[in-house]
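A quick write-up on the structure given underneath.
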Amino acid sequence: VVVLHAGVLLLMFGQWFVTSYDVEEQMNMSEGESRNYGQDIRSVELALINRESDEFEGQDDVVVIPLTRNGKETRFLEEGDINDDQLPFEIEIVDYKKSSRVVLKKEQDASPADRGRGMQFLASDVRGASGASGSEGDLASGYFRFRSKAGEDLGTFLLSQDQLVMRGGRLIDFSTEAVDLGGTEYDAQLRFVRNYKDYTVKLLDVSKDDYIGTTIPKNYSSRVELVDNERGTDRELTIWMNNPWR
């Protein structure tokens with residue numbers, strides 16, 4: 001009896017430890033694309049990207065503000081204001097939705113957004129994703145008001161991780177918005193938290209094989225190229241079902 005109870009306690013401790021400290025990441029890419037970062041779909045950040053910076057030659061100047069970590073709000077969301085010395089402007093979080101969907105704005109609807117493509121759309125709350133629902137995860141949205149350090153209103157923008165397919169197949173991506181802030185153009189981007197790596201993974205080919213005469217998957221496989229300049233590594237690898245690359 002003691003051994004059985006100890007086993008149950010060990011399982012409970014293991015679940016708590018994984019939930020609290022495990023970092024699970026994804027690399028999403030199409031064939032031919034490369035990534036040097038993994039994204040944590042349980043955490044969201046607001047990135048301000050200056051692609052014309054003279055400080056970092058040939059590289060973007062990026063300031064990242066964490067909004068949620070493992071689904072929990074950071075102090076920026078709790079306080080509702082972002083004021084940092086690295087930014088020549090201030091940001092007010094007018095509204096933030098952890099799980100949302102973007103829809104077309106009706107004539108009678110009021111929207112906080114007064115700049116950008118979000119003026120014609122609304123972010124609405126939806127039920128959060130769960131493991132039993134089969135959903136891929138929560139897609140956050142937010143209305144962000146930008147102000148100069150002197151207090152001048154620079155506009156309120158809608159940023160969302162949701163994408164909307166319009167009639168005719170046109171895809172609108174709300175995750176990034178070009179914002180003119182004090183004469184400098186920034187890309188304001190709402191995205192999953194990125195954890196950058198010392199290596200780069202390039203997706204060369206993806207295969208999906210079904211059982212003959214059915215649409216039931218028999219096998220998924222990916223051929224990737226791993227490049228790690230620090231360790232002098234450049235090789236191709238194949239990853240397939242139940243055979244991860246370690």
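The values are calculated or read from the model by the stated rules, or taken from the named source; none is laboratory data. These figures come from a predicted structure and were not determined experimentally. Glycine gets a Cβ as well: all are built from the backbone with ideal geometry, and neighbour counts include every protein chain shown. Keep in mind that these areas ignore ligands, DNA and RNA; they rest on the heavy atoms of the full protein, side chains included. Shrake-Rupley method; radii C 1.70, N 1.55, O 1.52, S 1.80 Å.
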* Asked: Relative contact order for the chain using alpha-carbon pairs under 8 Å, separation at least 6, rounded to a whole percent?
  -> 18 percent
* Asked: Lys/Arg Cβ at +1, Asp/Glu Cβ at -1, dipole of region 124-246 taken about the Cα centre: which of F146, G182, V165 is farthest positive-ward?
  -> V165
* **Fraction in percent of alpha-carbon pairs per bin - 5 Å, region 1-127** => 2, 7, 10, 13, 15, 17, 13, 8, 5, 4, 3, 2, 1, 0
* Quick one: ranking F76, F17 by accessible area, 1.4 Å probe, largest first, what do you get? -> F17, F76
* Structure fact -> With label points set 7 Å from each Cα along the Cα-to-Cβ direction at S221 and Y199, the distance between them in nm comes to 2.0 nm
* **Fully extended contour minus Cα-Cα distance, from D109 to Y21, at 0.36 nm per residue** => 27.5 nm
* Asked: What is the Cα centroid distance between region 64-94 and region 146-222, reported in whole angstrom?
  -> 20 Å
* Roughly how many Å² of R170 are accessible to a 1.4 Å probe, to the nearest 10? -> 140 Å²
* **Point-charge dipole on Cβ atoms (K/R +1, D/E -1) for the chain, about Cα centre, debye to 20** => 1220 debye
* Accessible surface, per residue, of region 67-190 when the full set of protein chains is kept, probe 1.4 Å, Å² -> 57 Å²
* **Reduced Cα scattering model of region 61-114, Debye log10 I(q)/I(0), q = 0.31 Å⁻¹** => -1.30
* Whole-Hz ³J(HN,Hα) from phi, Karplus 6.51 cos²θ - 1.76 cosθ + 1.60, for region 217-234, glycine and proline x -> x, 9, 7, 10, 8, 9, 9, 10, 10, 9, 10, 10, 5, 5, 9, x, 9, 8
* Degrees between helix 2-21 axis and first principal axis of the chain (Cα, 0 to 90, nearest 10) -> 40 degrees
* Structure fact -> Probe 1.4 Å, all chains present, heavy atoms only: Y211 accessible area in Å², nearest 10, is 120 Å²
* Asked: Once both labels are modelled 7 Å past Cα along the beta-carbon direction, what's the V94-D187 spacing in nm?
  -> 2.4 nm
* What is the distance, in nm, between label points placed 7 Å from the Cα along the Cα-to-Cβ direction at M12 and at M166? -> 5.5 nm
* **Protein-only accessible surface order, largest first, of T233, T214 at 1.4 Å** => T214, T233
* Accessible heavy-atom area order of I216, I91, highest first, probe of 1.4 Å -> I216, I91
* Counting Lys and Arg as +1 and Asp and Glu as -1, what is the net charge of the other residues whose Cβ lies under 12 Å from the Cβ of V227? -> -1
* the chain - Rg (one decimal) and Dmax (whole number), Cα, Å -> 21.8, 71
* For D95, net neighbour charge (Lys/Arg +1, Asp/Glu -1) across residues whose Cβ lies under 13 Å away -> +1
